[in-house]
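What follows is one structure encoded as structure tokens, with my remarks underneath.
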Amino acid sequence: MNDDYGVLTATDTVRIERLLPGPIERLWAYLTEADKRALWLAGGPMGLQPGGQVELVFRNSGLAKDDIAPPEKYRSESGEHRLHGVVTDCEPPTLLAFTWGESSAVRFELTPRGAQVQLVITHSRLANQGAVLAVSAGWHAHLGILRARLEGQEPVGFWATHARLEAEYARRFAAS
């Protein structure tokens, strides 16, 4: 893929794609198993059936060894952020969708491509432009960490890339 940046498919929806090392079952495990998901996104339990509860426990500052402190607007007292949702669709190992907090939704589609897997993430019903930018930069940074983990590399820190990505998404989306 020449351009790893996500795209707006509607004013409140971002779609981001990656071609990642497979097999598909391995990538599915990194989406659904709390211990593996905690290595790149967020830990927490997930009921893998429609109606199943999702709790994502984000510790973005702990995803890489040499990360920087989060920007002021993202700091929390505990360094941890929790988000709850409900699974809306689950077809292992190709589709997972759930509500993201109270207002938005995320959908993961996995397709085998030889030894690799195409991952498509669609995050919809984002409340405003600020949420669109934060979510776009967030998925982009988290997917960089996932790629590094899958390739056995030490990832670049989440916060070390997030601010740069948020500014780049603002530039790109303003032009579209």
So, Ala170, is that one farther than 23 Å from Gly43 by Cβ, part of a loop (DSSP other than H, G, I, E, B) and small (Gly, Ala, Ser) or not? no
Which one is surrounded by the fewest Cβ atoms within 10 Å (Cβ to Cβ) among residues in segment 39-75 that are closer than 19 Å to Leu146 by Cα and of a type in the set (Val, Ile, Thr)? Ile68
Answer residue from segment 6-29, given it is among the small types (Gly, Ala, Ser) and either touching a helix residue (DSSP H, G or I) at 6+ places or on another chain (Cβ under 6 Å) or without any contact (Cβ under 8 Å) to a residue 12 or more places away in the chain (or both) and is nearest to Glu166 (Cα to Cα) among those: Gly6
Matching residues in segment 104-138 (within 16 Å of the chain's Cα centre (by Cα) and either in a helix (DSSP H, G or I) or at pLDDT below 95 (or both)) number 8
Verdict on Ala141 being modelled with pLDDT of 95 or more and either on the phi > 0 side of the Ramachandran plot or surrounded by 19 or more Cβ atoms within 10 Å (Cβ to Cβ) (or both): yes
Can you tell me which of Val87, Val156, Val106 is in contact (Cβ under 8 Å) with a residue 24 or more places away in the chain and in contact with a Phe, Trp or Tyr (Cβ under 9 Å, 6 or more places away or on another chain)? Val87
Just to be sure, is Ala141 of a type in the set (Gly, Ala, Ser) and farther than 27 Å from Ile68 by Cβ? no
Which of the residues that make up segment 93-103 are outside any loop (DSSP other than H, G, I, E, B) and without any contact (Cβ under 8 Å) to a residue 60 or more places away in the chain? Leu95, Ala97, Phe98, Thr99, Trp100
Which of the numbered conditions does Ser176 fail, given that it passes all the others? Conditions: (1) surrounded by 13 or more Cβ atoms within 10 Å (Cβ to Cβ); (2) out of contact with any Lys or Arg (no Cβ under 9 Å at 6 or more places or on another chain). (1)
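The values are calculated or read from the model by the stated rules, or taken from the named source; none is laboratory data. Here the structure is a predicted model, which is why all the values come from computation and not from measurement. As a convention, Cβ positions derive from the backbone with ideal geometry for all residues, glycine included, and neighbour counts pool all protein chains shown.
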